[in-house]
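Structure record follows, encoded as structure tokens.
The values are calculated or read from the model by the stated rules, or taken from the named source; none is laboratory data. These figures come from a predicted structure and were not determined experimentally. Cβ placement follows ideal geometry from the backbone for every residue including glycine, while neighbour counts extend to all protein chains displayed. The protein model used for the area step is the full one, side chains on, heavy atoms only, and it has no ligands, DNA or RNA in it. Shrake-Rupley method; radii C 1.70, N 1.55, O 1.52, S 1.80 Å.
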Amino acid sequence: MNIVIASLLLYGAVVVLGRIAWQRHDGSFHRSLQLALIQARLVAPRIFCAVLGAGFIAALVPPEAVAAAVGGDTGVAGLLIASALGAVTPGGPLLAFAVGGAALEVGGGAPQIMAFVTAWGLYNLNRTLVWELPITGRAATLRRLACALPLPVLLGFAAGQLAGLAAAWQ
């Protein structure tokens, strides 16, 4: 149900902004359509490949293995495993979120997938080694990693607690 609400909010925002651009009569509406088409050409193949790859992962990895490693009842160990997997998952958000969604469908727990995505966003190994370390230096990178290290586990734990509260209210 949350995806429906988020989609409606997104679509509503697009309609409102489109109407504002149309009413300006300065070509901004047509320019925005051109920019959207350029972005769609760039992003659509990536989305297709990410979703296809996530589908392959969901089909090839046994659900028992996913549930055993990052299932909803794996506790702190599952949060740590999911955090480690998120840190080493290459690629961009299309792949990371698609893999997280696929893991949810085959037995992954919501808190563990929260930890996976958070770790991917905070300290992805590829981005850290290729971009951050050469640009900001070792000391700044290590300080940032030290501050970010516990966050995936803490957010995963919080997501589990909030899910428990929401289930209790229903």
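Let's see how each residue does on (1) buried (at least 17 other Cβ atoms within 10 Å of the Cβ); (2) touching a helix residue (DSSP H, G or I) at 6+ places or on another chain (Cβ under 8 Å):
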position: Thr89; (1), (2): yes, yes
position: Leu133; (1), (2): no, yes
position: Ala146; (1), (2): no, no
position: Ala159; (1), (2): yes, yes
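Among the residues of region 91-112, those identified as open to solvent by 20 Å² or more (accessible area, probe 1.4 Å) and either closer than 23 Å to Cys147 by Cβ or not in a helix (DSSP H, G or I) (or both) are Gly91, Gly92, Pro93, Val106, Gly107, Pro111. For Leu104, the test of being aliphatic (A, V, I, L, M) and over 17 Å from the mean Cα position of the chain (by Cα) is failed. Among the residues of region 48-64, the one identified as β-branched (Val, Ile, Thr) and more than 9 Å from Val106 (Cβ to Cβ) is Val51.
Listed conditions (1) within 22 Å of Gln161 (Cβ to Cβ); (2) in a helix (DSSP H, G or I) are all met by Gly72, apart from (2).
Applying the condition of being outside any helix (DSSP H, G or I) and open to solvent by 100 Å² or more (accessible area, probe 1.4 Å) to region 1-43 and asking which residue is farthest from Gly91 (Cα to Cα) yields His25.
Taken as a whole, the condition of being in contact (Cβ under 8 Å) with a residue 40 or more places away in the chain, under 30 Å from Ala166 (Cβ atoms) and not hydroxyl-bearing (Ser, Thr, Tyr) does not apply to Ile5. Scoring Pro152 on the criteria (1) modelled with pLDDT of 95 or more; (2) more than 21 Å from Val66 (Cα to Cα); (3) not basic (Lys, Arg) leaves a single failure, condition (2).
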